[in-house]
Amino acid sequence: MSRQVIRNGFVVTGDPALGDLPDADVLIEDDVIAEIAPRLDVGEDAEVIDARRRIVMPGMIDSHRHVWQGALRSVCSDGSLVDYVTQIRMHAARFFTAEDMYAVQLHGALEALDAGVTSVTDYCHNLLTPDHAHEAIRGLRESGLRVVWNYGFNYPPQADPTFRSLQDRIAFGRELAKHEFTGRDALVTLGVAPEEAPFAGSSERLAAQFGLARELDARVFWHCNSGGIGGANQRDVAAIAELGALGSDVTLVHMYATDEDEWPMVAEAGAAVAFTPETELQMGMMWPSTRICAELGIPFGIGTDITSNNSADLFAAMRIGLQALRCHHIDGDAEARGPFPLGTPISCADALAWGTRGGARALGLEDRVGSLRPGKQADVVLLRGDSLNMAGWDRSHPARSIVQQARPSDVDTVWVAGEIRKREGRLLGDVGRACSLLEAASERVHARIAESGGIELPLDETMARMQAVTRSEDGKYEFDA
Ligand SMILES: [Zn+2]
């Protein structure tokens, strides 16, 4: 058995019963946290990691990320939701090869680990061929990151698609589950991401995709109530509730255009929600509905969504999400708060929970990760408390400095399932190789985009593409890319 003891750290367990322990040890045995207490007597055989002047915290969890967009970094940083959907989802996506997928996935997973993120939901919705899926998974596996990898049903328009029908995609999903995924205890597990409702076009198509997830015992992650651009709310939640497909194994993503009567349906079903503050703010998806989720007891986490827009830094996502929501609620509650208000809505500890415990629930992994507690997986982060931007941090409220001041460069050491992936500020993976691969993939993808006439297409053409994909049925692609 391998044994490691993290000595004399300030342990922020994130576990309501254990709380914060200002000077404690964490014993890791193999992949599991065995004990947390001051001055543990662990014998001679345990490797000792000195955590003085360090905060020991749970590895952070990204509840919604499309890792494949690493090769399109910043392409959409000044874009709206329509720009993003038409330029990337309906256009640039089709220029990725399986080789590109391997590079972006390996690189993106290392980028997560470097920033103290130990678990990610990877909503992989650019699977043009079976090899794209196999290579995407291979890249993730090599990194050592914990991932719920989502088999995505969406696809960009292509002249000659490999998958010619929904049945093709369902059959390949079954094959993947059988050959790539060994069960719930593995580091990389399977989820399913059905098409957004407007793309699916019919409730039969959607039901078949939710049905595959249930058949494979895979959690569902679904972009929903988020595409009603300029129109009425879509009522996606009400629609799947009607189909009998809304359950506690579903994580609903974005949800900005959700009708009031749909929230209790989410609560009743025990479903979770994932918000992505940076893209939602930028793309006019407006305010994450964290307050109503908290009121109704709906579990929720946050994610960074896409590096084609913003960074993969979950500290930044917590911080931006927290401050935006505070401003929104201060504005909305101005009258009730009166002329001399005290305090602010939503605490830093709440925001830290979005990126840890909340994320674990959104991934369906709350019994394994999200907090430090004996019996849970050893997904642990040591954060420097003595860097220029962290020195003097408030010992009474560690979440304040973690959310408001910490950055990826403060992430000192990272464990996933008891394996050290970053030590004393240096990733153990081959960062140079991963960056070269990513650079090369990015150059190739950009060259193919340029060859096709560039990323910006006339609006009428992009809208026509969206329409064409929406109307496609089994075996019939009405659009030639
Ligand atoms: Zn997304």
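The values are calculated or read from the model by the stated rules, or taken from the named source; none is laboratory data. As the structure is a prediction and not an experimental result, all values here were calculated from the model. Neighbour counts run over all protein chains shown; Cβ positions are idealised from the backbone, glycine included.
For the stretch 328-349, enumerate the residues that are over 16 Å from ARG407 (Cβ atoms), part of a helix (DSSP H, G or I) and modelled with pLDDT of 95 or more. Break it down into steps so the answer makes sense when it comes.
In the first step, residues of the stretch 328-349 are kept if they are over 16 Å from ARG407 (Cβ atoms); the result is 328-347, 349.
Filter once more, so that each one left must be part of a helix (DSSP H, G or I): 328-332, 334-337, 349.
Listed by number, the list holds a single entry, ALA349.
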Practice prompt. Would you check which residues across the stretch 356-408 are surrounded by 24 or more Cβ atoms within 10 Å (Cβ to Cβ), in contact with a helix residue (DSSP H, G or I) (Cβ under 6 Å, 6 or more places away or on another chain) and under 20 Å from ASP185 (Cα atoms) and list them?
Written response: VAL369, GLY370
Discussion item. Here is a check on your reading of the model: is LEU252 surrounded by fewer than 20 Cβ atoms within 10 Å (Cβ to Cβ) and in contact (Cβ under 8 Å) with a residue 12 or more places away in the chain?
Written reply: no
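Could you tell me whether any residue of the stretch 336-352 is assigned by TED's automatic domain parsing to the domain that holds ASP185, touching a Pro at 6+ places or on another chain (Cβ under 7 Å) and within 30 Å of ARG89 (Cβ to Cβ)?
First pass over the stretch 336-352, keeping only residues assigned by TED's automatic domain parsing to the domain that holds ASP185: 336-352.
In the following step, the residues that additionally are touching a Pro at 6+ places or on another chain (Cβ under 7 Å) were identified as none.
No.
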Worksheet item: Would you call ALA312 outside the structural domain of GLU35 (by TED's automatic domain parsing), among the small types (Gly, Ala, Ser), buried (at least 21 other Cβ atoms within 10 Å of the Cβ) and on the phi < 0 side of the Ramachandran plot?
Response: yes
Worksheet, complete the sentence: The correct count of residues that are surrounded by fewer than 20 Cβ atoms within 10 Å (Cβ to Cβ) and under 23 Å from HIS64 (Cβ atoms) in the stretch 209-221 is 4
Worksheet item: What is the residue count in the stretch 87-121 for residues that are surrounded by fewer than 24 Cβ atoms within 10 Å (Cβ to Cβ), among the acidic types (Asp, Glu) and closer than 16 Å to ALA136 by Cα?
Response: 1
Discussion item. So, VAL75, is that one aliphatic (A, V, I, L, M), outside any helix (DSSP H, G or I) and either within 14 Å of the ligand (Cβ to nearest atom) or under 24 Å from PHE300 (Cβ atoms) (or both) or not?
Written reply: no
Worksheet, complete the sentence: Filtering the stretch 292-313 down to residues that are farther than 21 Å from ARG89 by Cα, outside any strand (DSSP E or B) and either within 15 Å of the ligand (Cβ to nearest atom) or touching a His at 6+ places or on another chain (Cβ under 7 Å) (or both) yields none
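Out of all the residues in the stretch 203-210, is one or more of a type in the set (Asp, Glu) and modelled with pLDDT of 95 or more?
The first filter runs over the stretch 203-210 and keeps only residues of a type in the set (Asp, Glu), leaving 204.
So of that shortlist, the ones also modelled with pLDDT of 95 or more come out as none.
Taking every residue of the stretch 203-210 in turn, none turns out to be of a type in the set (Asp, Glu) and modelled with pLDDT of 95 or more.
For (1) under 26 Å from THR304 (Cα atoms); (2) within 16 Å of the ligand (Cβ to nearest atom); (3) over 22 Å from the mean Cα position of the chain (by Cα), each residue gets a yes or a no:
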position	(1), (2), (3)
PHE172	no, no, yes
GLY183	no, no, no
ALA186	yes, no, no
SER226	yes, yes, no
VAL237	yes, no, no
GLY244	no, no, yes
GLY247	yes, no, no
Discussion item. Is it the case, given these coordinates, that MET265 is in the same structural domain as ASP78 (by TED's automatic domain parsing) and within 13 Å of the ligand (Cβ to nearest atom)?
Written reply: no
Worksheet item: Tell me, which helices (runs of 4 or more DSSP H) wholly within the stretch 394-476 include 3 or more residues that are over 30 Å from ARG373 (Cβ atoms) and modelled with pLDDT of 95 or more?
Response: 431-451
Worksheet item: What residue, among those in the stretch 410-467 that are closer than 30 Å to LEU365 by Cβ and β-branched (Val, Ile, Thr), is surrounded by the most Cβ atoms within 10 Å (Cβ to Cβ)?
Response: VAL414
Item to complete: Could you please give the count of residues in the stretch 45-59 that are under 17 Å from LEU113 (Cα atoms) and over 26 Å from the mean Cα position of the chain (by Cα)?
Response: 0
Worksheet item: Is it the case that the stretch 431-445 has a residue that's without any contact (Cβ under 8 Å) to a residue 24 or more places away in the chain and among the hydrophobic types (A, V, I, L, M, F, W, C)?
Response: no
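Restricted to the stretch 97-133, and to residues that are within 14 Å of SER311 (Cα to Cα) and touching a Ser or Thr at 6+ places or on another chain (Cβ under 7 Å), which residue is nearest to the ligand (Cβ to nearest atom)? Quick ask: steps written out before the conclusion?
Kept after step one, since they are within 14 Å of SER311 (Cα to Cα), are these residues of the stretch 97-133: 107-117.
Imposing the further condition that a residue be touching a Ser or Thr at 6+ places or on another chain (Cβ under 7 Å) reduces the set to 109-110, 113.
On the way: ALA109: 17, LEU110: 21, LEU113: 21 Å.
Across the stretch 97-133, the extreme among qualifying residues is ALA109.
For the stretch 114-225, which fully contained helices (runs of 4 or more DSSP H) count at least 2 residues that are free of Cβ contacts under 8 Å to residues at least 40 places away in the same chain?
Working: elements: 130-143, 166-180, 197-200, 203-215.
Counting at least 2 such residues, we get 130-143, 166-180, 203-215.
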Worksheet item: When the stretch 105-163 is examined, which residues are found to be at pLDDT 95 or above and of a type in the set (Gly, Ala, Ser)?
Response: GLY108, ALA109, ALA112, ALA115, GLY116, SER119, ALA133, ALA136, GLY139, SER143, GLY144, GLY152
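Considering only the stretch 273-281, I want to know if a residue exists there that is crowded, with 20+ Cβ neighbours inside 10 Å, closer than 21 Å to ALA241 by Cα, within 15 Å of the ligand (Cβ to nearest atom) and of a type in the set (A, V, I, L, M). Lay out the reasoning, then the answer.
Looking only at the stretch 273-281, we keep the residues that are crowded, with 20+ Cβ neighbours inside 10 Å, and these are 273-280.
From what is left, the residues that are closer than 21 Å to ALA241 by Cα are 273-275.
Pick out the ones that are also within 15 Å of the ligand (Cβ to nearest atom) and you get 273-275.
With of a type in the set (A, V, I, L, M) added as a condition, the list becomes 273-274.
Taking every residue of the stretch 273-281 in turn, at least one turns out to be crowded, with 20+ Cβ neighbours inside 10 Å, closer than 21 Å to ALA241 by Cα, within 15 Å of the ligand (Cβ to nearest atom) and of a type in the set (A, V, I, L, M).
Check the stretch 12-21 and report whether any residue there is closer than 30 Å to TYR151 by Cα, touching a strand residue (DSSP E or B) at 6+ places or on another chain (Cβ under 8 Å), assigned by TED's automatic domain parsing to the domain that holds LEU382 and not small (Gly, Ala, Ser). Steps first, please.
First, the residues of the stretch 12-21 that are closer than 30 Å to TYR151 by Cα: none.
No, the conditions are met nowhere in the stretch 12-21.
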Worksheet item: If you go through the stretch 78-90 one residue at a time, how many are assigned to a loop (DSSP other than H, G, I, E, B) and within 16 Å of the ligand (Cβ to nearest atom)?
Response: 3
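Take the residues in the stretch 271-291 that are among the polar types (S, T, N, Q) and not in a loop (DSSP other than H, G, I, E, B), then tell me which one is farthest from VAL75 (Cα to Cα). Step through it out loud before you land on a result.
Residues of the stretch 271-291 that are among the polar types (S, T, N, Q), as a first pass: 276, 279, 282, 289-290.
Restricting the remaining residues to those that are not in a loop (DSSP other than H, G, I, E, B) gives 279, 282, 290.
On the way: THR279: 13, GLN282: 14, THR290: 29 Å.
Selected residue: THR290.
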